[in-house]
1. Is it true that some residue in the stretch 255-266 is open to solvent by less than 10 Å² (accessible area, probe 1.4 Å), within 16 Å of the ligand (Cβ to nearest atom) and either polar (S, T, N, Q) or over 22 Å from residue 9 (Cα atoms) (or both)?
2. State whether one or more residues within the stretch 171-185 are surrounded by 20 or more Cβ atoms within 10 Å (Cβ to Cβ), closer than 26 Å to residue 293 by Cα, modelled with pLDDT of 95 or more and among the aromatic types (Phe, Trp, Tyr).
3. Out of all the residues in the stretch 53-79, which are surrounded by fewer than 20 Cβ atoms within 10 Å (Cβ to Cβ) and either within 26 Å of residue 300 (Cβ to Cβ) or within 11 Å of the ligand (Cβ to nearest atom) (or both)?
4. Going through the stretch 80-98 one residue at a time, which ones are open to solvent by 10 Å² or more (accessible area, probe 1.4 Å), over 19 Å from residue 10 (Cα atoms) and not in a loop (DSSP other than H, G, I, E, B)?
5. Find the residue count for the stretch 223-247, including only residues that are of a type in the set (Gly, Ala, Ser) and within 23 Å of residue 55 (Cα to Cα).
6. Return the residues of the stretch 29-58 that are farther than 16 Å from residue 263 by Cα, out of contact with any Gly (no Cβ under 6 Å at 6 or more places or on another chain) and either charged (D, E, K, R) or assigned to a loop (DSSP other than H, G, I, E, B) (or both); say none if nothing qualifies.
7. Within the stretch 216-228, is there a residue that is within 16 Å of the ligand (Cβ to nearest atom) and touching a residue at least 60 places away in the same chain (Cβ under 8 Å)?
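The values are calculated or read from the model by the stated rules, or taken from the named source; none is laboratory data. Since we're looking at a predicted model, the values are computed, not measured. Reconstructed Cβ throughout: ideal geometry from the backbone, glycine too, with neighbour counts over all protein chains shown. These area figures cover heavy atoms from the full protein model, side chains too; ligands, DNA and RNA do not enter into them. Shrake-Rupley method; radii C 1.70, N 1.55, O 1.52, S 1.80 Å.
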Amino acid sequence: MTTINDPLIAGALHLPNRLVMAPLTRMRSKQPGNIPHELNATYYAQRASAGLIISEATQVCQQGQGYPGTPGIHSEEQIAGWRLVTDAVHSAGGRIVLQLWHVGRISHSSHQPNDELPVAPSAIAAKNSGTMTADWKPTPILTPRALETDEIPGIVAAFAAGAANAKEAGFDGVEVHGANGYLLDQFLQDGSNHRSDQYGGSIENRARLLLEVVDAVIGVWGADRVGVRLSPYGTFNDMSDSDPVALFTYVLGQLSDRSIAFVDLIEPRSSGAGGSDKVLEDKPDTAKLFRQSFRGVLVSAGGYQPDSAKEAVAEGIADAVAFGRLFIANPDLLRRISENAPLNRYDRATFYGGGEKGYTDYPSL
Ligand code: PHB
């Protein structure tokens, strides 16, 4: 029987165990410039016993930023800042991949170059969704501007540049953020994509941008150091699709053909992303539903507890399980789960922004 403590080979990534630290927005980069710094290095190094750390979502260009304080990977200072993080994680014996991010419509003009409108596949605002302005004021989501077809190569190039910068910063690989209602997911799903060019309409067309990005990133790293995050049936950021099974079966088939290192599927039962503790029990179990559609390493995330994670790995529903909130509060989560030790409780008030409190001050056993 496979356990959380068994090693796992994911492409060129050799994980000593099957516990993954999920990508977690914490909004604590150094300002101005959205630059990772020593505090972030300490936080990640504390969690280096994870089989793999997936970094917080990191904008590949200024247009891709949607929240204050999230780090970027498009300036020399950011690359140097991330180098502090990767060196600290490696010194502590860990492995870390960078999550490449463009938020698309989930932004605000105050984050955009020249105060422009956020961009998206179509000029459709995300309802019941919000973000914060550059000066940390809560704001509803604006109606974005639809990207022109001739702007799409620039988006692909931004992801490729982010991937190259991640290499320079010393990461072990990258994860393409195709989930949670951000730009690539906005293209995938037909609730947000009403385009009539080759990037809209059919499933093949809606998946085109994601796959072009994945291919460009593979060109930088090789497929065996590239992962992709997807969230079928997720409703966070006002997402919907008329036929998720057909869409994600196609996408996972395409990713299988490319032999990428892993796919990271978010369970829709935790669809509030970081924003909510509500567990929606009536949602489909996507790891089970799509297990057969992806021929490769499957990481499952969303709403797991230690027992359900052990079960998912034992039953082969997933090859590894990712934890978010529990990893925030328990730097030594692997040891605690392995020894059935009690877990620290997380403090939601310190998830986003601030300093050491609720970030680097959670105790290990
Ligand atoms: C967030 O900042 O709230 C956030 C970022 C990335 C996600 C989900 C939520 O994938």
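1. No, because not a single residue in the stretch 255-266 is open to solvent by less than 10 Å² (accessible area, probe 1.4 Å), within 16 Å of the ligand (Cβ to nearest atom) and either polar (S, T, N, Q) or over 22 Å from residue 9 (Cα atoms) (or both).
2. yes
3. 69 - this is the single residue of the stretch 53-79 that is surrounded by fewer than 20 Cβ atoms within 10 Å (Cβ to Cβ) and either within 26 Å of residue 300 (Cβ to Cβ) or within 11 Å of the ligand (Cβ to nearest atom) (or both).
4. 80, 83, 84, 87, 88, 91
5. Total satisfying the criteria: 4.
6. 30, 31, 32, 33, 38, 47, 49, 50, 56
7. Yes.
Here's the yes/no breakdown for (1) modelled with pLDDT of 95 or more; (2) among the hydroxyl-bearing types (Ser, Thr, Tyr); (3) in a helix (DSSP H, G or I):
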{"position": "212", "(1), (2), (3)": "yes, no, yes"}
{"position": "237", "(1), (2), (3)": "yes, no, no"}
{"position": "241", "(1), (2), (3)": "yes, no, no"}
{"position": "245", "(1), (2), (3)": "yes, no, yes"}
{"position": "249", "(1), (2), (3)": "yes, yes, yes"}
{"position": "256", "(1), (2), (3)": "yes, yes, yes"}
{"position": "269", "(1), (2), (3)": "no, no, yes"}
{"position": "282", "(1), (2), (3)": "no, no, no"}
